[in-house]
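A quick write-up on the structure given underneath.
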Amino acid sequence: MRSNHIRPIAALAGSLVLAGSLTACGGSADASDAKEVTVYSADGLKGENNDGWYDQVFKDFTAKTGIKVKYVEGGSGEMVQRAVREKSNTQADVIVTLPPFIQQADEKGLLQAYKPAGSDKVADGDKAADGKWTSVVNNYFGFIYNKKELKTAPTTWDELTGSTYKNKLQYSTPGVAGDGTAVLIKAMHDFGSKDAALTYLGKLQSNNVGPSASTGKLAPKVDKGEILVANGDVQMNYAQAKTMPNLGIWFPAKAGGKPTTFALPYAAGLVSKAPHTANGKKLLDFMLTAEAQKQVSSIGGGFTSRTDVKATDANATALTQLMSGVEVFQPDWADISKNLTSYVDGWKSATHS
């Protein structure tokens with residue numbers, strides 16, 4: 001989702017250790033019987049201290065099934081690109097990315113249809129009708145600010161072009177990072193057109209300290225006051241705030257308008273010709289169990305993707321309050337997936353990136 005840096009990690013009987021090379025041959029009959037499953041995922045759900053939602057879910061899954069989880073993390077776009085390169089020798093069993101990259105994975109023939117147990121409880125907008133992908137954790141796009149240096153959060157896009165934020169603002173790169181792409185999507189919505197959004201982002205560029213392949217790496221810079229504002233997403237930043245006390249989450253508005261955001265779910269799909277298809281199905285089923293979904297907020301700081309799971313923990317309450325008064329819009333993901341390259345090219349031109 002955010003980072004171009006890839007971390008291969010294996011979850012083994014409840015502990016995370018460095019993984020060796022992935023050696024399973026795609027589609028091999030013997031591999032299907034192996035007690036392992038490989039996940040390619042956008043970052044954000046694994047804790048920095050092995051205390052994230054993935055850490056708990058993978059530990060519980062291995063304890064219940066004996067199946068070890070090999071975990072590879074990177075940017076949403078990078079995970080899709082890696083899976084494309086490996087199509088002749090498929091390594092991943094499950095891929096988890098943000099939109100529009102999950103749609104691109106489908107368009108590139110990377111996904112096979114599978115409707116996990118419990119997916120009937122996921123809202124239609126959070127899953128593909130044909131079963132190619134299903135949201136396992138719901139999430140929303142947002143921005144962060146340093147609440148120690150800034151006594152109140154900014155409210156509008158226009159404020160960010162002011163002198164206060166000269167070389168004190170950074171956002172991750174559209175087309176590379178999922179949250180960076182989200183900056184472009186939200187700006188197009190809030191300003192009413194692609195051209196108006198690009199004009200604004202071109203102006204904002206004079207305050208931007210430069211590109212970043214990783215959104216996750218921006219939060220520590222905001223917390224330390226190296227920069228004052230950055231992009232992010234609610235789940236990741238809320239979880240990071242446990243150890244970064246100066247982080248505040250906010251949602252930019254167009255001048256005179258309401259703060260807006262849109263859903264940016266972690267969408268999971270079963271990889272086509274996966275070496276461990278049966279194990280991939282079991283893991284997807286497990287991620288959508290009511291127990292795992294209740295832990296999305298209490299452990300992961302995110303939003304359950306099942307409509308029948310009503311989380312009541314302290315995190316869930318705080319997240320509900322955070323979203324109060326924020327207008328949630330629905331992007332046209334089909335259009336964005338189809339035209340993403342041209343949108344990113346337009347951004348590059350407008351910002352001279």
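Just so it is clear, none of the values below were taken in a lab; they were calculated from the coordinates. No experiment lies behind these values; they were computed from the predicted model shown. Positions of Cβ are backbone-derived with ideal geometry, glycine not excepted, and every protein chain shown enters the neighbour counts.
What is the sum of charges, Lys and Arg at +1 and Asp and Glu at -1, for the other residues whose Cβ falls under 11 Å from the Cβ of G248?
Values: positive: K147, K148, K151; negative: E149, D223.
That sum, taken over residues with Cβ under 11 Å, equals +1.
So how far, in whole Å, is the C-alpha centre of segment 232-293 from the one of segment 69-144?
Going from one Cα centre to the other spans 12 Å.
Quick one: how many lysine pairs does segment 182-321 have with C-alpha atoms less than 18 Å apart and a gap of 8 or more or different chains? Give me the count, please.
Counting lysine pairs in segment 182-321 gives 13.
For the residue pair S324 and S353, what label-to-label distance in nm results when each label sits 7 Å from Cα along the Cα-to-beta-carbon direction?
Output for this residue pair reads 3.5 nm.
Have a look at V326, V136, V176 and tell me which one the Gaussian network model of the chain (Cα, springs below 10 Å) gives the largest fluctuation.
Ranking V326, V136, V176 by mean-square fluctuation puts V326 first.
Given (i) 46, 20, 18; (ii) 76, 24, 22; (iii) 33, 22, 19 as candidate values of semi-axes √(5λ) of the Cα gyration tensor in Å, which corresponds to the one derived from the coordinates?
Given (i) 46, 20, 18; (ii) 76, 24, 22; (iii) 33, 22, 19, the calculated one carries the label (iii).
Between N339 and A123, what is the spin-label point distance in nm, taking each point 7 Å from the Cα along the Cα→C-beta axis?
Placing both labels 7 Å along Cα→Cβ, they lie 2.4 nm apart.
Please work out how much length the chain gains when fully extended from K148 to A314, using 0.36 nm per residue of separation minus the C-alpha to C-alpha distance, in nm with one decimal.
57.4 nm
Quick one: of the DSSP bridges fully inside the chain, what percent are antiparallel, nearest 5?
Counting DSSP beta bridges with both partners in the chain, the antiparallel share is about 65 percent.
Under the rule of -39500 (n - 2.57) per DSSP H run of 4 or more residues, summed and divided by the residues of the chain, what mean residue ellipticity at 222 nm is obtained, to the nearest 500 deg cm²/dmol?
The per-residue figure over the chain is -10000 deg cm²/dmol.
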